[in-house]
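Here's the structure we're looking at; comments come further down.
The values are calculated or read from the model by the stated rules, or taken from the named source; none is laboratory data. Values in this document were obtained by computation on a predicted structure and should not be read as measured data. Note that each Cβ is placed from the backbone with ideal geometry, even for glycine, and that neighbours are counted across all protein chains shown.
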Amino acid sequence: MNSPNTNLAALTPNSDKDTIIVRVTRIWEAINKRNGAIIHTNVILLDEKENHMVAIIRNNQKQIYLPLLKEGEVYTISNFKVVPGPKQYKSVDSEYSLNFFFKTKIEKGRDFATIPLYKFELQPFHDVKTLVGNPAMLIDVVGMVRSYCKLERRNNGAQKMDVVLTDQRAENILVTLWEDRAAHFLELLPPSKDDPLFVVITGLLAKKFSDVASLSSTDATRCYLNIEYAPITTLQNDMSTTSDGNLARLHPPTVEQFVTSTGNGVQELPISSILQTVIPPGTQVVRCICRAKIIGILDGNGWYYNCCPTCGRALGDLNGKFYCIGCDEETPTLAQRFRIVVQVEDPTGSTTVTLFNKEAEQLVGVPLQKILTDQAEVQPTHFTPPFGQKTRPYPTNIIFVLLPLHHAQLTDVPPVVRNIIGKVCAFQIKITPYNIIQGCEEYTVTRVSEAGGDVNRDNTITDSVDTGSTIPNGGKRQKLV
Ligand SMILES: [Zn+2]
């Protein structure tokens, strides 16, 4: 056996006879998103010089090597192949990775604490926006947990939660944890809720939504809460010795229904208060959370609408042609979006809220196009759209009504949509001058979460409510969120 090489950075592809002494810092499976199959298993190795490298264990080697390796332990590994590392979604900044082969030997070594427990490729929050769409490296971040939301279960069974981190520059970043990463974060939370919480989150991808960069978990993601790690100590020190030297910036995380990167929680209000909300002068919108049960669907104006495929606005009628006021042109094709007005109630009262496409689909759990396609299959006669426009097949039983800026389909609400009746949800809604001046509730829902729980009312599920009247939004351009 060669004398152990303690420096992973010195390995080259020319030899398969090296011996290394390393700590296994992380093991995870790379999963094929499309079919859920395991592609291979990644093992991150760290040496005492703080070089790290990923060893890739193929599925046919798992039974041989994985039982020998445990996170956190130190091993002497000899005879392995040094191969070019992955070019994308790299977890470690290393040119090479390791493959094991039939001559590879793995022996558990003694831990002399010369090899650190962790190494991360930390990125400052203000750099995340420059990494959106750059798949070369996965991102690791360290921060104080400012807030996190409750675990949210989607209709398709997926679960997610958002965590907002803050750094020494008082910048915030929102991290969305999916599936077992979300559950794992909750499991790691200490029993005491009174202390500040510091975390390293690894293996993230940068995303951009509405011009705000955020981070999203991947297979490689792992959360490390309150670990002994120098950058966490530095962050704690930096944050506790600010200009005025007080410790006010170190605070325990808050638990919110929805979190945003601004970190400002939105107040939860009973319906009786929502109805009486006054918009302060100089403010365009008041946001609040309404926790209520869906007791009916107002289908007087349809549960979806025709919109411009370019900008998503409801279409108008110009000399008998579909016209988009946003794009200022006739539209050759139509798209459809959900717009479901639901009646909700809590123990203090009842009101109506409007679920647009994204939030409606989240609750319904089925994309609108699939529902329309399924309906068309039940009734295969294709709907002939007016004005000879190309569109998707429609059910035949619809009455096509032209409204000033809104083409509603007065179809029966299909069962898959009616399934949302009875759900108890937290709705983040916006109250605008329109709601107040027009006396029209139908508050637009900007976020929704199936809250579960009880709104402290009997569980009678009433049927869909048909107002029989059109919804008074004629002339109003509905900006879609
Ligand atoms: Zn348009």
Sort out which residues of region 288-328 are surrounded by fewer than 17 Cβ atoms within 10 Å (Cβ to Cβ), more than 10 Å from the ligand (Cβ to nearest atom) and either charged (D, E, K, R) or not in a loop (DSSP other than H, G, I, E, B) (or both), and write them in order of number.
-> ASP317, LEU318, LYS321
With the first residue restricted to region 311-332 and required to be at pLDDT below 80, and the second required to be part of a loop (DSSP other than H, G, I, E, B) and near the ligand (Cβ under 7 Å from one of its atoms), Cβ contacts under 7 Å at 6 or more apart or on different chains are THR331/CYS308
Restricted to region 205-247 and to residues being exposed (fewer than 14 other Cβ atoms within 10 Å of the Cβ) and of a type in the set (Ser, Thr, Tyr), the residue modelled with the lowest pLDDT is SER243
Provide a single number: the residues in region 190-213 that are free of Cβ contacts under 8 Å to residues at least 60 places away in the same chain and touching a strand residue (DSSP E or B) at 6+ places or on another chain (Cβ under 7 Å).
-> 4
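Farther than 25 Å from SER273 by Cα, at pLDDT below 85, of a type in the set (S, T, N, Q) and more than 16 Å from the ligand (Cβ to nearest atom): does that describe GLN375?
yes
What about THR351, is it under 18 Å from GLN438 (Cα atoms), within 29 Å of the chain's Cα centre (by Cα) and of a type in the set (S, T, N, Q)?
Working: under 18 Å from GLN438 (Cα atoms): yes; within 29 Å of the chain's Cα centre (by Cα): yes; of a type in the set (S, T, N, Q): yes.
Judged against the criteria, THR351 is a match.
Determine whether THR12 is in contact with a Phe, Trp or Tyr (Cβ under 9 Å, 6 or more places away or on another chain), among the β-branched types (Val, Ile, Thr) and surrounded by fewer than 17 Cβ atoms within 10 Å (Cβ to Cβ).
Numbers: in contact with a Phe, Trp or Tyr (Cβ under 9 Å, 6 or more places away or on another chain): yes; among the β-branched types (Val, Ile, Thr): yes; surrounded by fewer than 17 Cβ atoms within 10 Å (Cβ to Cβ): yes.
Judged against the criteria, THR12 is a match.
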May I ask you to list pairs of residues, at least six apart or on different chains, whose Cβ atoms are under 7 Å apart, with the first in region 354-379 being of a type in the set (Phe, Trp, Tyr) and the second being exposed (fewer than 15 other Cβ atoms within 10 Å of the Cβ) and not in a helix (DSSP H, G or I)?
-> PHE356/VAL481
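Could you list all residues from region 441-453 that are modelled with pLDDT of 85 or more and not in a strand (DSSP E or B)? If you could, list the steps in order and put the result at the bottom.
First pass over region 441-453, keeping only residues modelled with pLDDT of 85 or more: 441-449.
Selection gives GLU441, GLU442.
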Output yes when any residue across region 296-310 is within 24 Å of ALA158 (Cβ to Cβ), out of contact with any Ser or Thr (no Cβ under 8 Å at 6 or more places or on another chain) and at pLDDT 85 or above, and no when none is.
-> yes
Count of residues meeting criterion [out of contact with any helix residue (DSSP H, G or I) (no Cβ under 8 Å at 6 or more places or on another chain) and either more than 16 Å from VAL22 (Cβ to Cβ) or of a type in the set (Val, Ile, Thr) (or both)] in region 44-65 | 10
Test THR130 against the stated conditions and say whether it is β-branched (Val, Ile, Thr), assigned to a helix (DSSP H, G or I) and surrounded by fewer than 20 Cβ atoms within 10 Å (Cβ to Cβ).
-> yes
Just one of (1) modelled with pLDDT under 85; (2) within 16 Å of the ligand (Cβ to nearest atom) trips up GLY282, so point out which.
-> (2)
Taking ARG339 and the conditions (1) among the basic types (Lys, Arg); (2) within 13 Å of the ligand (Cβ to nearest atom); (3) out of contact with any helix residue (DSSP H, G or I) (no Cβ under 6 Å at 6 or more places or on another chain), which numbered condition does it fall short on, given that it satisfies the others?
-> (2)
